[in-house]
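Participant: Following this message is one structure expressed as structure tokens.
The values are calculated or read from the model by the stated rules, or taken from the named source; none is laboratory data. Everything quoted here is computed from the prediction, not taken from an experiment. As a convention, Cβ positions derive from the backbone with ideal geometry for all residues, glycine included, and neighbour counts pool all protein chains shown. All accessible areas refer to the heavy atoms of the entire protein, side chains included, with ligands and DNA or RNA removed. Shrake-Rupley method; radii C 1.70, N 1.55, O 1.52, S 1.80 Å.
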Amino acid sequence: MLDIKFIRENVDLVQKSANDKGYKVDIATLLQLDDERRDLQKQVEALREQRNVISAKMKGGRPDQELIDQGKQLKVELAERESYLKSTEEKVAAILKNVPNITFDDVPLGGEEDSVEVKVYGDCKTGAKDHLDYAVSRGWVDFERGAKVAGAKFYYLKGDLALLENAVTQFALDYVTKQGFTFITVPHMVNLRTAEGAGFTPKGEGSNEYVVDGEDLTLAGMQEIAIGQTLFMSSSVYLISKLGENSEIWSQLPDMKFDDDRTIILVEDKIDKRTKTYKWLQKNAKVQEFSPLSDRQKPQLLKWCVAEAKVRGCELTNRQAEIIVDRLGFDQLRLSNFLDQLALAEKVTDDLIDNFIPLARTENVFDLFISALAGDYDKVHDIINYLESESGVDGAYQTMGLLASQATNLTALVLADGDSNSVASDFSASPYVLRKLAPSVKGVDKEKLKRINDALLRADLQMKTTSVNPWLLVEAALVGIGK
């Protein structure tokens with residue numbers, strides 16, 4: 001990759017070289033974006049400095065409200081600038097990595113057919129044979145298998161040619177070590193797609209659980225999963241989805257060897273039960289089949305949960321099964337795995353379920369709204385962090401919709417002087433939700449009610465019109481609610 005400073009100093013040369021090589025790269029646009037990036041970087045650094053000054057003033061006592069408001073406004077403004085900076089940096093990097101290296105003036109334009117003969121050594125007395133044809137005819141190169149594993153133009157070296165390559169490598173090592181250099185081995189560097197294909201991208205930092213897309217998995221990657229070394233972990237778990245769509249690997253599974261120190265879970269949306277591999281799996285693995293269920297089949301799913309729990313040796317009430325389904329959803333595989341964990345306990349209690357499974361989104365958002373009304377900002381922050389980690393950026397918009405619903409219920413309760421029965425009747429609202437919300441009505445007058453709705457409306461508009469992290473806007477609105 002060319003340095004941006006070199007590109008600035010050689011704009012015409014870089015653009016001409018890119019055009020000659022057939023690369024569609026706009027160097028002027030690249031430099032304009034880089035100017036924006038540098039300007040945004042200065043703005044972000046200035047805002048961070050202001051943030052540090054305000055943080056220093058807040059230490060050693062309770063800060064006044066004006067300083068707190070300045071800090072909140074600065075937090076939002078900094079997040080917005082950082083978001084713009086990140087977006088601009090990504091645009092610069094995307095163009096920069098497509099800028100080709102500069103070609104020498106004596107290199108002819110075009111492909112291999114445009115190559116120019118520079119010098120001839122010796123006399124050709126007989127018909128010359130291409131070096132690739134020469135190697136293939138002697139069984140020294142295998143292009144077909146190499147292409148299957150690594151892609152077009154890759155190959156396996158075999159026999160004498162492989163030994164020759166190894167001998168040349170060893171000769172070079174012997175030479176450089178005699179010159180005082182130290183021989184070392186380093187980790188293999190591969191691109192992200194190859195790492196994921198070989199199952200080396202864990203789902204979390206420090207985790208030994210790997211999620212792999214079976215459709216894109218290579219044969220070499222599957223073999224690495226099956227018997228590859230795990231130098232730093234005693235065991236590994238691989239969850240491979242849609243491997244049945246990869247006919248090359250699927251057909252060879254029964255012939256592969258698998259190490260005992262790893263667990264491989266295959267998840268298939270659809271599977272051909274007529275295949276040799278499926279029959280092999282039935283004999284050599286635990287096979288579970290789950291049908292997709294909808295909300296209408298919830299009673300059927302609850303009975304299934306109770307029955308499955310009993311098979312595992314634990315008692316589960318219908319109400320507990322409903323709590324589990326409400327929180328985990330209708331995915332039977334996920335429910336089955338959870339029941340396996342639950343069966344390890346001596347007795348299933350509500351507290352145990354709460355410890356095992358986090359609250360459902362609606363319950364979390366309800367607690368979020370109640371905590372904001374009570375001014376418990378630490379809990380607000382903790383719940384938002386959890387929701388963001390579970391649902392990403394998109395979850396913020398769903399949460400805002402649920403908060404707006406809670407605000408509507410609160411408004412109705414305040415105007416009805418806390419009469420939850422009349423509100424439930426007039427607005428077809430859930431009596432359970434209204435009863436839980438009713439204690440928060442005390443201390444909420446029409447002025448505070450207006451402030452609550454204005455704060456949520458303002459946050460909703462900002463979420464739609466700015467690139468600020470939406471979770472930050474939700475938190476800022478909720479902090480404002482509790483004042």
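Participant: Placing +1 on the Cβ of each Lys and Arg and -1 on the Cβ of each Asp and Glu in the chain, which of L13, L30, T408 has its Cα farthest towards the positive end of the resulting dipole?
Facilitator: Selected residue: T408.
Participant: I would also like to ask the following. Per residue of the range 247-259, in order, report the coupling 6.51 cos²θ - 1.76 cosθ + 1.60 (Karplus, θ = phi - 60°) as ³J(HN,Hα) in whole Hz, putting x for Gly and Pro.
Facilitator: 4, 4, 6, 4, 6, 9, 3, x, 9, 7, 9, 10, 6
Participant: Using a 1.4 Å probe on the protein heavy atoms, what percent of the accessible area of the range 99-149 belongs to carbon and sulfur?
Facilitator: 51 percent
Participant: Using modelled backbone amide H atoms (1.01 Å from N, in-plane), which distant-in-sequence or interchain residues come within less than 5 Å of S236's amide H?
Facilitator: R262, T263
Participant: Related question: Listed highest first by mean packing, meaning other Cβ atoms within 10 Å per residue, what order do 78-85, 9-16 come in? It would help to have the intermediate numbers written out before the result.
Facilitator: Values: 78-85: 18.4, 9-16: 14.1.
So the peptides 78-85, 9-16, ranked by packing, come out 78-85, 9-16.
Participant: Sorted by average packing, counted as other Cβ atoms within 10 angstrom per residue and highest first, what order do 331-337, 301-307 take? Intermediate results must be reported in sequence, preceding the final value.
Facilitator: Values: 331-337: 15.4, 301-307: 17.0.
Listed from highest to lowest mean packing, they are 301-307, 331-337.
Participant: Okay, next question. Could you give the angle, 0 to 90 degrees to the nearest 10, between helix 298-311's Cα long axis and the longest principal axis of the Cα atoms of the chain?
Facilitator: 70 degrees
Participant: Step through the table entries K42/K86; K270/K310; K298/K347; K273/K298; K16/K97, compare each Cα-Cα distance with 19 Å, and write down the pairs that go over it.
Facilitator: Details: K42/K86 13 Å; K270/K310 29 Å; K298/K347 24 Å; K273/K298 28 Å; K16/K97 17 Å.
Flagged as over cut-off: K270/K310; K298/K347; K273/K298.
Participant: Here's something else I'd like to know. Could you give the angle, 0 to 90 degrees to the nearest 10, between helix 318-328's Cα long axis and the longest principal axis of the Cα atoms of the chain?
Facilitator: 50 degrees
Participant: Calculated FRET efficiency, I68 and Y386, Cβ-Cβ r, R0 25 Å, to nearest 0.05?
Facilitator: Result of the calculation: an efficiency of 0.50.
Participant: Which whole number of Å³ per residue matches the convex hull of the alpha-carbon atoms in the chain?
Facilitator: On the way: hull volume 139.4 nm³, N = 483.
In the chain, the Cα convex hull volume per residue is 289 Å³.
Participant: Might you report the magnitude of the Cβ-based charge dipole of the chain about its Cα centre, with Lys and Arg at +1 and Asp and Glu at -1, to the nearest 20 debye? Write down the numbers at each step before the final one.
Facilitator: Working: 61 positive and 77 negative charges, 196 e Å.
That gives a dipole near 940 debye.
Participant: So who's got an amide H within less than 5 Å of the one on T103, skipping anything under 5 residues away but keeping other chains? H placed 1.01 Å off N, in plane.
Facilitator: none
Participant: Where the centroid of each part is defined by its Cα atoms, how far is the range 403-423 from the range 311-341 in Å?
Facilitator: Distance between centres, Cα-based: 34 Å.
Participant: Report the dimensions of the range 374-483 along its three principal axes from the alpha-carbon atoms, largest first, rounded to Å.
Facilitator: Principal axes ranked by extent give 40, 27, 26 Å for the Cα atoms.
Participant: Moving on. Roughly what % of DSSP beta bridges within the chain run antiparallel, to the nearest 5?
Facilitator: Of the beta bridges lying entirely in the chain, close to 20 percent run antiparallel.
Participant: Cα centroid distance between the range 112-149 and the range 1-56, in Å?
Facilitator: Taking the Cα centre of the range 1-56 as reference, the centre of the range 112-149 is 44 Å away.
Participant: Out of I353, N52, Y134, whose Cα points farthest toward the positive end of the dipole of the chain (charges: +1 Lys, Arg; -1 Asp, Glu; placed on Cβ)?
Facilitator: Highest projection toward the positive end goes to I353.
Participant: Can you give the accessible area per residue of the chain, in Å², using a 1.4 Å probe? Walk me through the intermediate numbers first.
Facilitator: Numbers: 32170 Å² over 483 residues.
That works out to 67 Å² per residue.
Participant: Counting helices only, and only those DSSP H runs with n ≥ 4, report the 222 nm mean residue ellipticity of the chain as the sum of -39,500 (n - 2.57) divided by its residues, in deg cm²/dmol to the nearest 500. Walk me through the intermediate numbers first.
Facilitator: Working: 22 runs with 286 residues, N = 483.
Calculated at 222 nm, the ellipticity per residue is -19000 deg cm²/dmol.
Participant: Then there's this: Quick check: the angle from helix 11-20's long axis to the longest principal axis of the chain, C-alpha only, nearest 10 degrees?
Facilitator: For 11-20 against the chain, the angle is about 70 degrees.
Participant: Going by average Cβ density within 10 Å per residue, which order do the peptides 340-353, 384-397 take, highest to lowest?
Facilitator: 384-397, 340-353
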